[in-house]
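Peer 1: Pasting in a structure now, in structure tokens, and then I'll have a few things to ask.
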Ligand SMILES: [Zn+2]
Ligand SMILES: [Zn+2]
């Protein structure tokens with residue numbers, strides 16, 4: 001097998017990425033106790049200031065106003081799950097389908113400070129991160145092969161993070177995941193039956209109902225979803241209807257920064273040193289102008305591990321009640 005390959009599960013139509021170089025990437029989350037110590041550059045951390053020789057090329061950078069010349073920067077992932085030099089052409093192998101593993105995998109180093117997390121960032125620092133997310137999304141969509149651009153953040157070993165230094169990741173791919181297709185079909189069918197966007201309607205209902213609300217500002221609402229899969233799951237939903245995160249207006253960015261910061265701070269107030277994933281759910285490139293889709297952010301704390309029943313049935317078991325979590329998150333901060 002080549003270093004990168006994407007195979008299709010013939011039974012579920014889901015794709016599986018094979019990336020054999022990933023096992024060599026460095027890990028420092030074993031030092032969990034350092035989670036929130038005062039920040040000093042770490043000589044071994046590839047993302048810390050002064051270690052640029054082990055970092056590699058810088059794709060994008062925003063200037064800093066502290067003791068460092070940069071506030072956030074974007075670099076290619078040294079251990080990418082996909083390979084930008086591969087082809088996206090699909091190949092038959094017997095009864096199966098595969099591709100070479102084309103895609104781009106970038107890292108956004110969110111701060112020069114080694115031990116910070118989103119909960120520690122100022123409004124200005126959060127706005128810089130949003131600017132990086134948005135700018136790289138627009139750049140990656142310039143490449144016609146990139147159909148999907150996904151931004152995500154893993155915090156802590158239970159969430160799949162290997163390094164402490166605050167960072168997010170961006171993956172661009174030519175593959176349309178079966179999961180996204182399925183959700184697009186639900187939104188399409190809802191639009192056909194009701195004549196409106198499923199998220200706009202959900203948002204209107206939840207704002208009136210109040211019991212699952214966590215935080216709201218002029219352009220975004222954070223809530224615990226009605227059928228939250230894990231304790232303290234939160235969705236940040238833009239009030240402005242757009243299918244793609246790429247359409248985010250400049251004057252809405254400070255409000256998004258504030259919403260993320262408020263949501264994560266509340267999570268930290270409810271649970272000590274939470275491990276979590278944050279994902280921006282945005283549409284495929286070819287769906288960007290369709291009226292039934294609405295981008296949003298999902299925050300998934302990793303407080304427990306899915307077990308046999310969840311794997312077999314795909315039915316999550318949540319030990320918390322969504323309305324109680326929302327009340328706690330709402331009142332904590
Ligand atoms: Zn570092
Ligand atoms: Zn909508």
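Values quoted throughout were computed directly from the atomic coordinates according to the rules given, and no laboratory measurement underlies them. On a predicted model such as this, the values are computed, not experimentally measured, just so you know. As a convention, Cβ positions derive from the backbone with ideal geometry for all residues, glycine included, and neighbour counts pool all protein chains shown.
Peer 1: Express in whole angstrom the spacing between the alpha-carbon centres of segment 275-296 and segment 124-151.
Peer 2: 13 Å
Peer 1: What percent does the relative contact order of the chain come to when contacts are Cα pairs within less than 8 Å and at least six residues apart? List each step's numbers first, then the result.
Peer 2: Working: 659 pairs, mean separation 56.3, N = 333.
So the answer I get is 17 percent.
Peer 1: Follow-up. R0 = 35 Å: FRET efficiency of residue 145 with residue 95, Cβ-based, nearest 0.05?
Peer 2: Numbers: r = 26 Å, r/R0 = 0.75.
Here the calculated transfer efficiency is 0.85.
Peer 1: Return the calculated 222 nm mean residue ellipticity for the chain, to the nearest 500 deg cm²/dmol, obtained by summing -39500 (n - 2.57) across DSSP H runs with n ≥ 4 and dividing by the residue count. Could the numbers behind the result be given before it?
Peer 2: On the way: 6 runs with 83 residues, N = 333.
Result for the chain, helices only: -8000 deg cm²/dmol.
Peer 1: Based on the Cα gyration tensor of segment 4-175, what are the three equivalent ellipsoid semi-axes, each the root of five times an eigenvalue, rounded to whole Å and given largest first? Before the final figure, lay out the partial values.
Peer 2: On the way: eigenvalues 201, 65, 38 Å².
Working through the eigenvalues yields semi-axes of 32, 18, 14 Å.
Peer 1: Full-extension gain between residue 227 and residue 78, please, as 0.36 nm times their residue separation minus the C-alpha to C-alpha distance.
Peer 2: On the way: separation 149, 0.36 × 149 = 53.64 nm, distance 3.73 nm.
This chain segment gains 49.9 nm when fully extended.
Peer 1: Please arrange 196, 270, 132 by how many other C-beta atoms lie within 10 Å of their C-beta, fewest to most.
Peer 2: Numbers: 196 14, 270 18, 132 24.
Ascending Cβ contact count within 10 Å gives the list 196, 270, 132.
Peer 1: Now for a separate question. Over the alpha-carbon set of segment 82-190, work out the extent along each principal axis and list the three values in angstrom, largest first.
Peer 2: 52, 37, 31
Peer 1: Residue 53 versus residue 192, label points 7 Å from Cα toward the beta carbon: distance in nm?
Peer 2: Rounded to a tenth, the inter-label distance reads 6.1 nm.
Peer 1: Kindly provide the pair-distance distribution of segment 179-332 built from C-alpha pairs, with 5 Å bins from 0 and whole-percent values in order of increasing distance.
Peer 2: With 5 Å bins starting at 0, P(r) equals 2, 9, 17, 21, 20, 17, 11, 4, 1, 0.
Peer 1: A further question on this structure: Using only Cα atoms, figure out Rg for segment 215-286 and give it as a multiple of 2.2 N^0.38 Å.
Peer 2: Working: Rg = 13.0 Å, N = 72, 2.2 N^0.38 = 11.2 Å.
Dividing the Cα Rg of segment 215-286 by 2.2 N^0.38 Å gives 1.17.
Peer 1: Calculate the spin-label point distance for residue 40 paired with residue 210, positioning each point 7 Å from the Cα along the beta-carbon direction, and give it in nanometres.
Peer 2: Distance between label points: 5.1 nm.
Peer 1: As a footprinting exposure proxy, order 20, 305 by other Cβ within 10 Å, with the fewest listed first. Provide the component values of the computation, followed by the final result.
Peer 2: Numbers: 20 11, 305 7.
With the fewest neighbours first, 20, 305 line up as 305, 20.
Peer 1: Another question about this same structure. On average over all directions, what projected area in square nanometres does the chain have, based on the convex hull of its Cα atoms? Display every interim value, and only then the final one.
Peer 2: Working: hull surface 71.7 nm².
Computed as one quarter of the Cα hull surface, the answer is 17.9 nm².
Peer 1: Could you check what % of the DSSP bridge pairs in segment 4-175 are antiparallel, to the nearest 5? Spell out each step's value before the answer.
Peer 2: On the way: 31 of 32 bridges.
Among the beta bridges of segment 4-175, antiparallel pairing accounts for roughly 95 percent.
Peer 1: For segment 282-333, would you read off the P(r) tail past 15 Å as a percentage of all alpha carbon pairs? Provide the component values of the computation, followed by the final result.
Peer 2: Working: 918 of 1326 pairs.
Value for segment 282-333: 69 percent of Cα pairs lie more than 15 Å apart.
Peer 1: For segment 191-333, what is the relative contact order in percent, using Cα pairs closer than 8 Å and at least 6 residues apart in sequence?
Peer 2: Computed value for segment 191-333: 34 percent relative contact order.
Peer 1: Could you state the per residue volume, in Å³, of the convex hull enclosing the Cα atoms of segment 129-186?
Peer 2: On the way: hull volume 6.7 nm³, N = 58.
Per residue, the Cα convex hull of segment 129-186 comes to 116 Å³.
Peer 1: Cα centroid distance between segment 308-333 and segment 98-112, in Å?
Peer 2: Centre-to-centre distance over Cα atoms comes out at 30 Å.
Peer 1: Now for a separate question. Run the quick spin-label model on residue 273 and residue 240: label points 7 Å from Cα toward the beta carbon, then report their separation in nm to one decimal.
Peer 2: Rounded to a tenth, the inter-label distance reads 4.0 nm.
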